[in-house]
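What follows is a set of notes on a single structure, which appears directly below.
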Amino acid sequence: GTRTGGRIEYVKLFSIIAIFILLIACINFMNLSTARAARRIKEIGIKKAVGALRKQLVIQYLSESMLMTIISAALALLLVFLFLPGFNVLTGKQIHFQFDSTLIISIAAIILFTGLIAGSYPALYLSGFDPATVLKGKLNTSLGEVWARKGLVVFQFTLSVILIAAVVVVFKQIEYIQTKNLG
């Protein structure tokens with residue numbers, strides 16, 4: 001009757017929390033990329049004036065996003081390898097990190113998904129500028145673009161508040177269960 005493994009509910013809960021955190025990071029990257037567009041506006045105008053197609057610019061910005069995601073994933077894996085021995089000592093567990101085909105495919109899928117999601121809005125937004133107005137320095141932002149960016153910020157903060165509230169509720173519930181006198 002003794003449990004030999006962990007509880008799958010915890011794995012599912014932490015997976016959902018990780019997905020929320022990843023989604024918040026993607027939205028934050030989108031907002032930062034579009035805000036940074038003001039510095040790259042002349043570059044976009046010149047490329048379009050020279051003859052670059054919108055498709056080429058979308059591919060360029062998605063490639064930049066993918067490269068950023070790959071570098072971030074490599075840094076994250078390096079940090080896991082560096083801190084795993086200390087974590088094992090701290091928790092008294094022996095967690096091993098082994099690469100197998102399932103893990104590699106999962107990491108590649110997460111990198112691809114994150115790079116495409118985080119880079120899609122900036123790529124489509126930046127590649128849609130009109131070269132003549134951009135080179136004149138007259139960047140017109142439509143009401144829809146402003147609402148889209150504000151909507152992303154509101155959605156990001158809403159997810160953050162929900163995540164924080166959920167963590168507090170779960171913490172209080174676990175604390176209650178651990179300290180309740182069962183008689």
Here are some residues: Val89, Val80. Which one is at pLDDT 85 or above, more than 16 Å from Phe29 (Cα to Cα), open to solvent by 100 Å² or more (accessible area, probe 1.4 Å) and among the aliphatic types (A, V, I, L, M)? Val89
Among what's in region 112-130 and is in a helix (DSSP H, G or I) and open to solvent by 30 Å² or more (accessible area, probe 1.4 Å), pick the residue that is nearest to Val58 (Cα to Cα). Leu124
Examine region 59-68 for a residue that is among the aliphatic types (A, V, I, L, M), exposed (fewer than 15 other Cβ atoms within 10 Å of the Cβ), in a helix (DSSP H, G or I) and within 18 Å of the chain's Cα centre (by Cα), and state whether such a residue exists. yes
Taking Arg7, is it exposed (fewer than 13 other Cβ atoms within 10 Å of the Cβ) and either touching a residue at least 24 places away in the same chain (Cβ under 8 Å) or closer than 30 Å to Phe97 by Cβ (or both)? yes
Can you confirm whether region 107-130 contains a residue that is of a type in the set (S, T, N, Q) and free of Cβ contacts under 8 Å to residues at least 24 places away in the same chain? no
Inside region 101-137, can you point out the residues that are under 18 Å from the mean Cα position of the chain (by Cα) and aromatic (Phe, Trp, Tyr)? Phe113, Tyr121
From the set of residues in region 131-183 that are outside any helix (DSSP H, G or I) and of a type in the set (S, T, N, Q), which is modelled with the highest pLDDT? Asn181
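The values are calculated or read from the model by the stated rules, or taken from the named source; none is laboratory data. Keep in mind that this is a model prediction, so the values were computed, not measured. As a convention, Cβ positions derive from the backbone with ideal geometry for all residues, glycine included, and neighbour counts pool all protein chains shown. Each accessible area value is taken on the protein alone, full model and side chains, heavy atoms only, with ligands, DNA and RNA left out. Shrake-Rupley method; radii C 1.70, N 1.55, O 1.52, S 1.80 Å.
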